[in-house]
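A.B. asks: The structure's right below; bear with me while I get my questions together.
The values are calculated or read from the model by the stated rules, or taken from the named source; none is laboratory data. Just so you know, these numbers come straight off a predicted model, no measurement behind them. Here the Cβ positions follow ideal geometry from the backbone for every residue, glycine too, while neighbour counts run over all protein chains shown.
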């Protein structure tokens, strides 16, 4: 994820969605049960509990409790992660593509791909060889 993406999400108050999604991706790769329990608890306390510091808004959240942490498995957060992904894809991302931050970044990239010096050199070369 680029710096511009993170800055836009902070501005949009939805950085926690990306952080939750990334935490779930890390969690799915874990194999050690003790590590899984620790990471599951961290995800729950940070993003899902009523007292979460960076709470995400997912369907069925009010029914979640610490009981889900008793038997962790790699895909235990998958449905919630999918909800957040769709929220980002259809809401935050579409706004990002229209944002000044993205448009400015896009212009900068386009300028870097075709620097003015290269255009000038190409024009000079064409004048030299055409005369």
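A.B. asks: Given the options 31, 71, 109, 25, name the one that is exposed (fewer than 12 other Cβ atoms within 10 Å of the Cβ) and modelled with pLDDT under 85.
C.D. replies: Answer to the selection: 109.
A.B. asks: Among the residues of region 44-62, which ones are in contact with a helix residue (DSSP H, G or I) (Cβ under 7 Å, 6 or more places away or on another chain) and assigned to a helix (DSSP H, G or I)?
C.D. replies: 44, 47, 48, 61
A.B. asks: Could I ask something else about it? Return the residues of region 18-43 that are assigned to a helix (DSSP H, G or I) and touching a helix residue (DSSP H, G or I) at 6+ places or on another chain (Cβ under 6 Å); say none if nothing qualifies.
C.D. replies: 18, 20, 21, 23, 24, 27, 39, 40, 41, 43
A.B. asks: Looking at the structure I just gave you, is residue 96 modelled with pLDDT under 80 and assigned to a helix (DSSP H, G or I)?
C.D. replies: When the stated conditions are applied, residue 96 passes them.
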